[in-house]
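The values are calculated or read from the model by the stated rules, or taken from the named source; none is laboratory data. If you're wondering where the values come from, they're calculated on a predicted model, not measured in any experiment. Methodologically, a virtual Cβ is constructed for each residue, glycine included, from the backbone with ideal geometry; neighbour enumeration extends over all protein chains shown.
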Amino acid sequence: MAVRQPQGTAESSSYVFSALRGIQAGRQYFLAMCPLALIPKIFLFNEGGIPPELRAQRVLNRARVPEIAKYIADNPKEYVFSSIAASIDAKIRFESVGSNGSDANNGRLIVPMTARFLINDGQHRRAAIEEALKDHPELGDETISVVFFVDDGLKRSQQMFADLNKHAIRPTKSLGILYDFRDPLSQLSRKLISKVSAFKGLTETEKTTISNRSIKLFTLSGVYQGTRALLNKPENGHVTPQEEALAIDYWNEVARHIPDWSLAQARKVSSAELRREFIHSHGLALHALGIVGCALVSSQPKRWKDRLKALSKIDWAKSSTKLWEGRAMIGGRVSKAHTNVILTASVLKCALGLPLSPEERRIETNFAKRGG
């Protein structure tokens, strides 16, 4: 915890952090717990107008801040943040609580209030904390861990930023859905892969791409995206029991009219072969089927199952380039771009006798102008 010492003491106008001292690459660093209320005060971010070569971090992306701040505010009992990494440009002092063993690395880090703190990793967390505190000042007494390094100049700080981010890999979309117990759509997607016969045992839950040797046919992120389109939900949107039942019913009914899915389930055809030869075994198709399902259930709430029978007459083969090239495929490869999803959904809508939305008509017109 950091405190400001009262006037008249040896550490007047200083921050004093309870800290642990460590060594990396022959350099000292310190781990301290900082109250959230202190974070916006000591970490100032005003480098927006400075050229990249004179900065030690990326420019703050303001669009990310409200989302992170909302995460804190919406989950005051569950939010979690990793450590902020920062450099201190000042003469600091570390006082151990003892001289032997671990006591030698446990003590107080004394930093003058005139010090300049530079965030090497965590500027968006810092900005979100500041935003969240405006509406929830009671969070100010909670803490976040900060790893402090001694500033060795701009070149060292830029290298630290590069090193800290070089090996950082975001979890895949599928894995994020698998482990997200707060998002109702993630919860529903996990339920679908056990309740929908075509998805059961054939859904990759960790990766967003499927290797040629895998027996999996779909990805969890593909199921999520298709179901989100089906229910027309925003991220973290509430899902009613009726919508859950509809999703299970819809995907089971779709599977009845795409026989290849059942063949894969029965191991009568390899998943790799289906992904190689057909459009229907890709996330693009699930997304398009979700879009179509949303329109179909809305317009035909009592007869949507009967209308789905037309899916069995669609030629899903990639070799049907006259139908799919430029729509589901670009240069023979399946594309998940938004325009391609819409153009694929338009094919399915026409097969089911559904009208196109204004956006779909516009994209179709542009596609026709390009000679599609």
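Every listed requirement among (1) touching a helix residue (DSSP H, G or I) at 6+ places or on another chain (Cβ under 9 Å); (2) at pLDDT below 85; (3) more than 26 Å from residue 180 (Cβ to Cβ); (4) not charged (D, E, K, R) is met by residue 100 save one, (1). When residue 77 is tested against (1) surrounded by 12 or more Cβ atoms within 10 Å (Cβ to Cβ); (2) modelled with pLDDT of 90 or more, only condition (1) is not met. Quick one: in region 181-201, of everything that is buried (at least 20 other Cβ atoms within 10 Å of the Cβ) and hydrophobic (A, V, I, L, M, F, W, C), which residue is nearest to residue 71 (Cα to Cα)? Among residues in region 181-201 that are buried (at least 20 other Cβ atoms within 10 Å of the Cβ) and hydrophobic (A, V, I, L, M, F, W, C), the one nearest to residue 71 (Cα to Cα) is 185. Taking each residue of region 225-239 that is surrounded by 15 or more Cβ atoms within 10 Å (Cβ to Cβ) and looking for partners that are acidic (Asp, Glu) and at pLDDT 95 or above with beta-carbon atoms closer than 6 Å, six or more apart or interchain, yields 231/243.
Go through the residues of region 347-354 one by one and say whether even a single one is of a type in the set (Gly, Ala, Ser), farther than 27 Å from residue 208 by Cβ and either without any contact (Cβ under 8 Å) to a residue 12 or more places away in the chain or surrounded by 15 or more Cβ atoms within 10 Å (Cβ to Cβ) (or both).
Step one: list which residues in region 347-354 are of a type in the set (Gly, Ala, Ser), which gives 351, 353.
Within this subset, residues satisfying the condition of being farther than 27 Å from residue 208 by Cβ are 351, 353.
If we keep only those that are either without any contact (Cβ under 8 Å) to a residue 12 or more places away in the chain or surrounded by 15 or more Cβ atoms within 10 Å (Cβ to Cβ) (or both) too, we end up with 351.
Yes - at least one qualifying residue is present in region 347-354.
Scanning region 249-279 for residues that are assigned to a helix (DSSP H, G or I), in contact with a Leu (Cβ under 8 Å, 6 or more places away or on another chain) and either of a type in the set (Val, Ile, Thr) or closer than 24 Å to residue 331 by Cα (or both) yields 254, 271, 274, 275.
Taking region 83-113 as the range and being of a type in the set (Ser, Thr, Tyr) and not in a loop (DSSP other than H, G, I, E, B) as the test, the residues that pass are 87, 96, 102. For region 236-248, residues that are among the polar types (S, T, N, Q) and either in a helix (DSSP H, G or I) or over 28 Å from the mean Cα position of the chain (by Cα) (or both) total 1.
To keep it simple, each residue is scored yes or no on (1) surrounded by fewer than 21 Cβ atoms within 10 Å (Cβ to Cβ); (2) in contact (Cβ under 8 Å) with a residue 60 or more places away in the chain; (3) in the same structural domain as residue 194 (by TED's automatic domain parsing); (4) small (Gly, Ala, Ser).
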site: 245; (1), (2), (3), (4): yes, no, yes, yes
site: 250; (1), (2), (3), (4): no, no, yes, no
site: 255; (1), (2), (3), (4): yes, no, yes, yes
site: 259; (1), (2), (3), (4): yes, no, yes, no
site: 264; (1), (2), (3), (4): no, yes, yes, yes
site: 268; (1), (2), (3), (4): yes, no, yes, no
site: 280; (1), (2), (3), (4): no, no, yes, no
site: 292; (1), (2), (3), (4): no, yes, yes, no
site: 298; (1), (2), (3), (4): yes, no, yes, yes
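Would you confirm whether any residue within region 206-216 is part of a loop (DSSP other than H, G, I, E, B), among the aliphatic types (A, V, I, L, M) and modelled with pLDDT under 90? No, that holds for no residue.
Remark: pairs (first residue in region 80-108, surrounded by 11 or more Cβ atoms within 10 Å (Cβ to Cβ); second residue of a type in the set (A, V, I, L, M) and in a loop (DSSP other than H, G, I, E, B); Cβ separation under 6 Å; 6+ apart in sequence or on different chains) = 88/115; 90/115; 103/97; 106/97; 107/97.
Contact annotation: residue pairs with Cβ atoms under 9 Å, 6 or more positions apart or on different chains, pairing a residue in region 29-48 that is among the charged types (D, E, K, R) with a partner that is buried (at least 20 other Cβ atoms within 10 Å of the Cβ) and at pLDDT below 90, are 47/56; 47/57.
What number of residues in region 70-85 are among the polar types (S, T, N, Q) and within 18 Å of the chain's Cα centre (by Cα)? Quick ask: steps written out before the conclusion?
As a first pass, look at region 70-85 and keep what is among the polar types (S, T, N, Q): 75, 82-83.
Retained after the next criterion (residues that are within 18 Å of the chain's Cα centre (by Cα)): 75, 82.
Adding up the residues that qualify gives 2.
Looking only at region 202-224, count every residue that is surrounded by fewer than 21 Cβ atoms within 10 Å (Cβ to Cβ) and among the hydroxyl-bearing types (Ser, Thr, Tyr) and tell me the total. Of the residues in that region, 5 qualify. The one condition from (1) under 27 Å from the mean Cα position of the chain (by Cα); (2) at pLDDT below 95 that residue 227 does not meet is (2). Residue check: residue 117 meets all listed conditions (1) in contact (Cβ under 8 Å) with a residue 12 or more places away in the chain; (2) over 20 Å from residue 24 (Cα atoms); (3) in contact with an Asp or Glu (Cβ under 8 Å, 6 or more places away or on another chain) but one, namely (2).
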